[in-house]
Each structure stands twice: as C-alpha cells, then as structure tokens.
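Before any comments, here is the structure.
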Amino acid sequence: MRFHKAELFFFLLIVLVGVGGIFSWAAYSAATGGVVIGGVETAANFAFMGAVLAGLSAICGCLLVFPILSHGLRERGKLQRMTESLSVRSQSLEHAAVTDGLTGMYNRRYFDEALAEYLEAFGHIDKPIGMVILDLDHFKKVNDTHGHDIGDKVLRQVAECLQIFTRYHDVLARLGGEEFAILSPNITESQLYNLSDRIRQAVSELRINNGNVTLKVTVSAGLAIWNGAESGEELYRRADKQLYEAKRQGRNRVCAA
C-alpha cells in the first residue's frame, strides 16, 4: 500500500515527537536519580536532545505537514464550490430540459411524463382526469404578416392567459408551435368545458400592439375526459380529434368528446 507524502510526513512527525518524549523522560530520570543513572551532565545531554527533536518536530510540522494540509483544504474548498456550482447548473439544465424557453411553460416531454404519472396515480383512487388541447387560429398568418417577433409575443400572452385561469395542480404545456395543452385532474366534463371556454373568451379579448396595428387572436380547443382504461396517447388522440372538430366548425370554439 502506497502512502501519500502528507501521511509519511505525519508519521515522521510522530516519530520525532515520540523520540523527543523518550529523551525528555530520560533527562528527568537522570536528574532525579530514577531509572536512568548518569547525573546532571547526562540529564543535560538528554534534555538537549529532547529540545533538538522538539525543534525538528516543530520545523517538520510547519514546513512539511502544514503546507500539505493547507493546500489540501484549499483544494477541498475549490472542489466543494465546483460541486455546488455543477449541482446548480445541473438543476438549471434539468429545468431547461422540461421547459419551453419562449413561454416558460412546460414542454411536450414534461407533459407526457406528467400524463403517465397522473393516469397511474388517479387511476388508483378512481378520479377523473381531463385533457384540453388548444391551438391558435390562423397563427401562420400572424407570423407571415407581422413577423416572428410579434408571433412570439402572441404566444407569451396566450401562455399567461392559461396560467391565470388554471389551478395550481393543473399541468400546462406548450406542445409545439402554437399548440398548448392542459392536464386537469379531478374535474368533470362540464367544469372542464367551462374552463376551456373561459380561456377561449379571454384569448379572444387579447390585444397585441404592433406599431399602429392592433392584433386580435382566437383559439380553438378540444377536450376529453379519461375513461379510466385508455392510455395517455389514446386520451390525447380523443382530445385532438375534438380540436380538429372545433377547427372544422369554424374555429374560436370548444368541442368535447
């Protein structure tokens, strides 16, 4: 087994202190007529050797052991700060991995994971789960006519609407482009419909300024209540089917399965 040099210096320090202690004990014994016999001169020699070893111990400690320990503590501090920084960065990256950078809402990855967890958890207690899929009407025209900066502004304001009207345990997500989703547990179909329609109306009342032009946008929504047996993908397909039905009927409306 190989020893670190700090350990070797520590062992050396222990040896010096130990031998110095032996000489000190021998000097005391010689001076008092104890076990070691030799008189005052011998006691003085032993005392001198003890003092020399004590000095060497102090030098070894100050010049060899202390610098290594001090350096090790500084490196440990740097490592700890680096670890804390990496931990914070890791949490930030983890948050970024499930968050939409434009709106601050959750993204499709988080929504899919939350959906699977909600189905399992609420399935055990036999409680309903509602899903709403929302899509901005004619959003491509907004981007083409007014530019993507205004389009991004529209998306952010719609996201704020969703956050205002939903509950703290509802899961909100931007699935991509101009499509949003709400996962709302323990809710009836009529309650979910009313929630969706309030959001639709609030979005229609938004006014987005672009210079001298004021934009108005609308949203279509499709909703479905989990039947307790279908998968998350099947629930999504039913809600999405109702969204397309809302689009087919003229947009700016809510359709339920």
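Coordinate-derived values only; no laboratory data. Predicted model only: the values in this text are computed from it and were never measured. Cβ atoms come from the backbone with ideal geometry, glycine included; neighbour counts cover every protein chain shown.
Key figures
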read-out	value
Residue match in the stretch 209-221 (condition: more than 14 Å from L136 (Cβ to Cβ) and not in a strand (DSSP E or B))	yes
Check on Y244, surrounded by fewer than 20 Cβ atoms within 10 Å (Cβ to Cβ), hydroxyl-bearing (S, T, Y) and in a loop (DSSP other than H, G, I, E, B)	no
Candidates L195, L206, filtered to the one that is on the phi < 0 side of the Ramachandran plot, crowded, with 22+ Cβ neighbours inside 10 Å and not β-branched (V, I, T)	L195
So S231, is it surrounded by fewer than 18 Cβ atoms within 10 Å (Cβ to Cβ) and either under 37 Å from the mean Cα position of the chain (by Cα) or among the hydrophobic types (A, V, I, L, M, F, W, C) (or both)	yes
Enumeration of residues in the stretch 172-186 that are surrounded by fewer than 21 Cβ atoms within 10 Å (Cβ to Cβ) and without any contact (Cβ under 8 Å) to a residue 60 or more places away in the chain	G177, E179
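Every residue, every condition in (1) surrounded by 15 or more Cβ atoms within 10 Å (Cβ to Cβ); (2) basic (K, R), yes or no:
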site: Y106; (1), (2): yes, no
site: A121; (1), (2): no, no
site: K127; (1), (2): no, yes
site: K141; (1), (2): no, yes
site: D149; (1), (2): no, no
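Okay, residues lined up against (1) in contact with a Gly (Cβ under 6 Å, 6 or more places away or on another chain); (2) under 19 Å from N209 (Cβ atoms); (3) among the small types (G, A, S); (4) not in a helix (DSSP H, G or I):
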| position | (1), (2), (3), (4) |
| --- | --- |
| D135 | no, no, no, yes |
| V142 | yes, yes, no, no |
| T145 | no, yes, no, no |
| I150 | no, yes, no, no |
| K153 | no, yes, no, no |
| A159 | no, yes, yes, no |
| Q163 | no, no, no, no |
| A181 | no, no, yes, yes |
